[in-house]
1. Test each condition in (1) touching a helix residue (DSSP H, G or I) at 6+ places or on another chain (Cβ under 8 Å); (2) of a type in the set (Gly, Ala, Ser); (3) modelled with pLDDT of 95 or more for residue 19 and report the one that comes out false.
2. Which ranges mark the helices (runs of 4 or more DSSP H) fully within the stretch 67-154 that have 3 or more residues being out of contact with any strand residue (DSSP E or B) (no Cβ under 7 Å at 6 or more places or on another chain) and of a type in the set (Val, Ile, Thr)?
3. Among (1) touching a Pro at 6+ places or on another chain (Cβ under 9 Å); (2) farther than 24 Å from residue 71 by Cβ, there is one condition residue 133 misses while meeting the rest; what is its number?
4. What about residue 107, is it of a type in the set (A, V, I, L, M) and closer than 25 Å to residue 14 by Cα?
5. Output the number of the condition that residue 89 fails; it satisfies all remaining conditions of (1) among the aliphatic types (A, V, I, L, M); (2) surrounded by 16 or more Cβ atoms within 10 Å (Cβ to Cβ); (3) more than 18 Å from residue 32 (Cβ to Cβ).
6. Looking at residue 123 and the list (1) in contact (Cβ under 8 Å) with a residue 24 or more places away in the chain; (2) within 17 Å of residue 104 (Cα to Cα), which single condition is not satisfied?
7. Name the residues in the stretch 99-126 that are touching a helix residue (DSSP H, G or I) at 6+ places or on another chain (Cβ under 6 Å) and more than 11 Å from residue 84 (Cβ to Cβ), would you?
8. Kindly establish whether residue 90 is in contact (Cβ under 8 Å) with a residue 12 or more places away in the chain and in the same structural domain as residue 148 (by the TED database).
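The values are calculated or read from the model by the stated rules, or taken from the named source; none is laboratory data. Everything numeric here is computed off the predicted structure, so don't read it as measured data. Counting neighbours? That spans all protein chains shown, and the Cβs are built from the backbone with ideal geometry, glycine included.
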Amino acid sequence: MIYHYQYKTPIFTTINLYATERNLVGLTLPTQTYLMNDPIYTIHKVHENTALLETCNWLSIYLQGRSPSFLPPIAPIGNSFQKTVWQELLTIPYGTTTTYGTVAKKVAILLKKSRMSPQAIGRAVGHNPIPIIIPCHRVIGCQGRLVGYNGGVDAKLTLLHLEGITL
């Protein structure tokens, strides 16, 4: 069963959170094009789910421009390649950026491949079901270009500025 909660914020108006009893499985921004609309999700509105409350606490700290000292319980739904990429994104420190090419090199090493396409990384990053917490906004194009973000480039820029990053 998937529980749903709408987190209200002055920055993004509403962030939709989706969780099982134990873990956050999805987060969507109002401007996001990839939504949690798969029919496998049976949504029941709740306000007291532990995973959702921990996520709200994390978001409250983060949206004040601070780096939370904990990670809420997450279990993103995806294939093994996507999960490897998303796990790598979790290693990008708050207040820093990296490129799709750099992530591709690191994932290639993890998967014992000689090389990995930055475009393949971009596809996995673009299907990140838990943006902000799995910080796909910290991945930028080569030469510092802001490219692609499922919540829109303006949202990506807002998140980077919140972390003190100027491009």
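1. All conditions are met except number (3).
2. The qualifying helices (runs of 4 or more DSSP H) are 100-110.
3. In the conditions (1) touching a Pro at 6+ places or on another chain (Cβ under 9 Å); (2) farther than 24 Å from residue 71 by Cβ, residue 133 misses (2) alone.
4. Against the criterion (of a type in the set (A, V, I, L, M) and closer than 25 Å to residue 14 by Cα), residue 107 does not qualify.
5. Checking residue 89 against (1) among the aliphatic types (A, V, I, L, M); (2) surrounded by 16 or more Cβ atoms within 10 Å (Cβ to Cβ); (3) more than 18 Å from residue 32 (Cβ to Cβ), the one that fails is (3).
6. Going through (1) in contact (Cβ under 8 Å) with a residue 24 or more places away in the chain; (2) within 17 Å of residue 104 (Cα to Cα) one by one, residue 123 breaks only (1).
7. 99, 100, 101, 104, 115, 118, 122, 125
8. Numbers: in contact (Cβ under 8 Å) with a residue 12 or more places away in the chain: yes; in the same structural domain as residue 148 (by the TED database): yes.
Criteria met by residue 90.
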